[in-house]
Amino acid sequence: MVRKLLIAVALCVLPVTARADLYVVRRGDSLYKIARKYHTTVETIRRLNGIRGKLLRPGQRLIVPGRSRFAKPKKSVATINLLETEARELSEASERELAVKTLSELNPQDIYSITDTVETESELLSDAISTPLDVPYDNWSLSILNLPQYKSSLLKILATIFKRYKNTPYVFGYNNPSRGLDCSSFTMRVYRKLGISLPRTARGQFNVGVPVDREHLKVGDLVFFRTYARFPSHVGIYIGDGKFVHFSSSNHGLAISSLDSRYFRKRFIGAKRVLSEKKVREVVAKLKEGLQ
């Protein structure tokens, strides 16, 4: 009775962040066969159901990820447009102080060139960085982002990276841009391109970086939520004005949401800063080099 109640609760909660189905084990089934059928991993099914071994019994009920990978992202284009618009407005406001071309002035080849530069350099940097706290002497207040030219440049870089995933579907437990990503594999890949190595899961990412109060959030901070579990189970990237970008199952991919929405306001549990002033200066410098 208790197990049935737990399964019912899980299925009510999971659809918002990781769509799920209830599967009844049949004779001849194995964890591998079920994982393959639902396009997930054996470890994911074990984690969702608290299974340690390999044996299953006919009639056993299992929580399995739904097949949201077949749905196309809904809000990806709107997300990218919002970021590019905000970056352009900030850039125009500070163009007298900093002569930098906006994204609207770039041709597609320029955009890919900038992204490739950041990605290539990040592969070398990520090998030398285990966590953002390896440089405790750096400035973690990010007061540099109070300057419009730096904030707009960082938003441009994020928008350029996000574009690579705008057609990638959300798939719980996946870490493959050609097949699917989930919330934490998305944030991990974004920060890898900025030269920062993050753990694979939202729970692991919550254990690195510098804690930040909601009132002091800056562009690039990680925001965390409790959704289908008691531990941090969903993560996104803050972009300012109370909004964050994340990989969402309900939107089938890249999306933008508000921290003030009823759902996320109730489930917000904290934020971590993994970008330091030194890192912001580095990635903005690479952007300027790409525009010259």
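For this structure, a couple of remarks:
- Ratio of Rg to Rh for the stretch 142-292: 0.94 [Cα atoms; Kirkwood radius as inverse mean 1/r over pairs].
- Modelled FRET efficiency - R0 45 Å, Val24 with Lys288, Cβ distances, 0.05 increments: 0.15
- Put in line by how crowded their Cβ is, counting other Cβ atoms within 10 Å and starting with the fewest, Tyr32, Tyr23, Tyr238 read Tyr32, Tyr23, Tyr238.
- Centre-to-centre separation between the Cα atoms of the stretch 45-63 and those of the stretch 166-245: 28 Å.
None of the figures in this text is laboratory data; all of them are computed from the coordinates on show. Since the structure is predicted, the reported quantities are computational estimates derived from the model, not experimental observations. Methodologically, a virtual Cβ is constructed for each residue, glycine included, from the backbone with ideal geometry; neighbour enumeration extends over all protein chains shown.
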